[in-house]
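Quick notes on the structure that follows.
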Amino acid sequence: MMVTAGQLYRLSRELRDVALSATADPGQERPPLGLVTVTDDIVRHGETTVSEIVARTGLAQSLVSKSVAQLRQAGVVQTHTDRNDRRRNRISITDATRSGIFVERGERTITHALRRRLPNLPAEQIIKIERLLEELVVRWPSRPDHQIPGNSSPTRRG
C-alpha cells in the first residue's frame, strides 16, 4: 500500500503534536499553532520581517504581529530597525534561545510523548514506532534551510 497525501498530512499533524509535547516543560500548555508557525518560520528563514512571514505562512498580519510581540516579550526573538528601510523591523531568534532553549528541548527524546499520545499501544509498538521514525530521520535528505538549531545529530536515545 502506498501512503496517500492525506495520510501523510494527518501523520505530520500527529507527529507535530508529539514533538510539541516532547519539547514542552511539565505542566506547560501547548502553544497556539499560529505562534508555533511564526517561530518555525523565523527559525527557518533567519532574520526576517512581519510581511515576509505573512507571505510565507499565509497567516494574517495581525496574528503574526501579535505572535512576534509575544515572542519578543518572552525573550525568544529580538527586533531591530532595518538599515535599508527604517520603517521596517527585522526579527531574529535570540542567541540565548538558539543556544539554550532550542538545544535543550530539541535534544529531548520522544518516548514519553509517544506514550502519552498512544496510551493503549504496548511498549514494543512504541519502540517500533521510534525506530521507524529514527530510520526516517536518518534517511531523509537534510536541507540547510530546515536545520533545527542545536540538533546536530539526527538521533538521540535516552
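Only the coordinates and a few stated rules stand behind these numbers; no lab work does. Since we're looking at a predicted model, the values are computed, not measured. Cβ sites come from the backbone with ideal geometry, for glycine too, and all protein chains shown count toward neighbours.
Does segment 8-16 include one or more residues that are touching a helix residue (DSSP H, G or I) at 6+ places or on another chain (Cβ under 6 Å) and among the hydrophobic types (A, V, I, L, M, F, W, C)? Looking for residues that are touching a helix residue (DSSP H, G or I) at 6+ places or on another chain (Cβ under 6 Å) and among the hydrophobic types (A, V, I, L, M, F, W, C), one finds none in segment 8-16, hence no.
Here is a yes/no grid of residues against (1) aliphatic (A, V, I, L, M); (2) without any contact (Cβ under 8 Å) to a residue 40 or more places away in the chain; (3) at positive phi:
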position: 2; (1), (2), (3): yes, yes, no
position: 14; (1), (2), (3): no, no, no
position: 59; (1), (2), (3): yes, yes, no
position: 63; (1), (2), (3): yes, yes, no
position: 94; (1), (2), (3): no, yes, no
position: 106; (1), (2), (3): no, no, no
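Residues in segment 109-122: is at least one surrounded by 15 or more Cβ atoms within 10 Å (Cβ to Cβ), free of Cβ contacts under 8 Å to residues at least 60 places away in the same chain and either touching a strand residue (DSSP E or B) at 6+ places or on another chain (Cβ under 7 Å) or among the hydrophobic types (A, V, I, L, M, F, W, C) (or both)? No; the residues of segment 109-122 include none that is surrounded by 15 or more Cβ atoms within 10 Å (Cβ to Cβ), free of Cβ contacts under 8 Å to residues at least 60 places away in the same chain and either touching a strand residue (DSSP E or B) at 6+ places or on another chain (Cβ under 7 Å) or among the hydrophobic types (A, V, I, L, M, F, W, C) (or both). Evaluate segment 1-8: report whether one residue or more is part of a helix (DSSP H, G or I), surrounded by 15 or more Cβ atoms within 10 Å (Cβ to Cβ) and among the polar types (S, T, N, Q). No, every residue in segment 1-8 fails to be part of a helix (DSSP H, G or I), surrounded by 15 or more Cβ atoms within 10 Å (Cβ to Cβ) and among the polar types (S, T, N, Q). Just so you know, in segment 44-88 the residues that are among the β-branched types (Val, Ile, Thr) and outside any helix (DSSP H, G or I) include one that is farthest from the chain's Cα centre (by Cα), and it is 81. Considering segment 94-103, the residues that are among the polar types (S, T, N, Q) and out of contact with any strand residue (DSSP E or B) (no Cβ under 6 Å at 6 or more places or on another chain) include one that is surrounded by the fewest Cβ atoms within 10 Å (Cβ to Cβ), namely 99. Give the residue that is surrounded by the most Cβ atoms within 10 Å (Cβ to Cβ), with candidates limited to residues of segment 41-93 that are closer than 30 Å to residue 142 by Cα and of a type in the set (Asp, Glu). Result: 41.
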